[in-house]
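First up is the structure itself, then whatever we jot down about it.
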Amino acid sequence: MTSTYLLYESASGYALFHAHGLDEIGQNTEAVRSSVSDLNRFGKVVKLAAFHPFESALDALKQCNSVSEGLMTDELRSFLEINLPKVKEGKKAKFVLGLAEPKIGSNIFEETKIPCQSNEFVLELLRGVRLHFDKFIKDLKTGDLEKAQLGLGHSYSRAKVKFNVNRVDNMVIQAIFLLDTLDKDINSFSMRVREWYSWHFPELVKIVSDNYLYAKVSKFIEDKSKLAEDKIPALTDIIGDEDKAKEIVEAAKASMGQDLSPIDLINVQQFAQRVMDLSEYRKKLFDYLVAKMNDIAPNLASLIGEVVGARLISHAGSLTNLAKCPSSTLQILGAEKALFRALKTKGNTPKYGLIFHSSFIGRASARNKGRMARYLANKCSIASRIDCFAENSTTTFGEKLREQVEERLDFYDKGIAPRKNIDVMKSAIESADNKATDMDIEEVASEASGKKSKKKKSKASANGEVEDRPSATENGDAKSEKKKKKEKRKLDKESEEEQQQASEMLNGEVNGEEEAGKKKKKKKKSKEEDHVAAEDSKKKKKKSKSEDAE
């Protein structure tokens, strides 16, 4: 009768159990289920044979990764070979090793010829082992196993998630939220500056309409009574219009505003400076958002714009969630309230949500806005999926999709038939491949140029060393001069050979094409020469015949 061994991979180490006396409960999964919960009954059948603790948390992670991938490590192999009965060559094993993972079982059988088994019966036995594992290991303290499981679970999950720092869409979500908040805050603060400074200089509101410029001008003017014509050049630099600067100076002379105390003016200036700082930070944040969108979703950004693309990603929750959305969901993303209200009242459902902020829908006519929104949502869905799942980031597909949307606009307005989607995608794939090959060639060229520069430096240093070496005699023997010349020749030859190898690697294909072209030219030349020679011989024969006739 074959005995059964069970291999259990715990968070603290490998454990080998021997299951004997199985005929008492029988090879029945229901009977095993009933006996598993009772430790007294289960402990009589399954007993601990051996235990191999992991050396450290790093070792536990390494073993866990190999088990999940179905690979047997050296530690597991030695543990099994030491504790399992040895199998003689040419004879069948009298035991079976029960495993939870059939993948690692096949690997163990291939390398060690140990027979492995994984079925419902074995899984039920392993469930009992997992349930009562802390009772089998005597040295384990209460809570140690839970800590080991928690630590290993965290480290295993962290290692499994392939984390790319440059493609974190969470940064885009935070940036677009902050950008919206800043827009509201800057708007409200600018209105407060206008209202506050208007008590002193009310005419300035009508002359300077831009919020940022108003804060800048109010900080520069300070007290209107001190504003004279000598400040017109400085005002012109701020506003960018000399006529407006003169108008401000003239308005200050006949202003109806009340005078403010120096403390009040200082507070106004400080608040205006804060508004200016916020506006400048808003510009920097927008540049940051554009840069992050070009890294994370370059195709979506080139198709619909960085801000609208970022709003779609933030509303969906992540780029992956956006990629999973069908185009019909993406079309009304941001108009959920209107959708459910329409469904409740049985009215017309909305045609667009956040996608409405795109310039394409604004350019379409009123009757074609819905069609344009549907078509644009379709293209955005494709672009987001390419950005999410493509390995290499490129803007080629986004540019081609944008061209398709432009063609669709022309089709609605002028009736010009657009290209087919399959043709556009083929051209996009070809251009993307060409860009990738160009990048590879540039990298090879840069490597070769780096090697050349290193060789030149080594050559120069070698020449310097040769020059710096003092001659044995002041008169300068002929032998030492010859040696120097030989060394220089060797260095020159080596550098030339290496340069030739690099140039052959880079320009192998080009040289092949040139050689083929040269061969063709040679053939053409030879054909032309043969033709000319034949014509000359014909002319000579005609001349000889004419002379004979005379």
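The values are calculated or read from the model by the stated rules, or taken from the named source; none is laboratory data. Just so you know, these numbers come straight off a predicted model, no measurement behind them. Quick reminder, even Gly has a Cβ in these numbers, built from the backbone with ideal geometry, and neighbours come from all protein chains shown. Note: accessible area is taken over every heavy atom of the protein model, side chains too, but ligands, DNA and RNA are not part of it. Shrake-Rupley method; radii C 1.70, N 1.55, O 1.52, S 1.80 Å.
Summary table below
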item	result
Burial order of peptide ranges 120-127, 342-349 (average beta-carbon count within 10 Å, highest first)	120-127, 342-349
Share of pairwise Cα separations in region 3-161, more than 26 Å, in percent	28 percent
Region 356-409 - convex hull of alpha carbons, volume per residue in Å³	68 Å³
Exceeding the 26 Å Cα-Cα cut-off - candidates Lys216/Lys253; Lys184/Lys337; Lys246/Lys283; Lys216/Lys284	Lys246/Lys283
Packing-based ranking, highest mean first, of 254-260, 144-150 given that Cβ atoms within 10 Å are counted	144-150, 254-260
FRET efficiency estimate (nearest 0.05) - Cβ-Cβ, Ser188 to Ile232, R0 41 angstrom	0.80
Spacing of the two label points (7 Å from each Cα toward its C-beta) at Asp223 and Thr320, in nm	6.4 nm
Per-selection Kirkwood Rh - region 297-441 (Cα, Å, 1 d.p.)	16.0 Å
Protection proxy ranking, peptides 244-250, 380-386, average beta carbon neighbours within 10 Å, highest first	380-386, 244-250
Inter-site label distance for Ser261 and Tyr288 at 7 Å from Cα along Cβ, in nm	4.0 nm
Förster radius 30 Å - calculated FRET efficiency between Phe340 and Thr181, Cβ distance, rounded to 0.05	0.70
Listed pairs Lys62/Lys113; Lys62/Lys138; Lys113/Lys135 exceeding 30 Å between Cα atoms	Lys113/Lys135
Pair Leu150, Glu242: separation of 7 Å Cα→Cβ label points (nm)	7.5 nm
P(r) histogram, all alpha-carbon pairs of region 171-285 included - 5 Å bins from 0, percent	2, 12, 22, 21, 19, 11, 6, 4, 2, 1, 0
Accessible area expressed per residue, region 1-119, with surrounding protein chains retained (probe 1.4 Å, Å²)	56 Å²
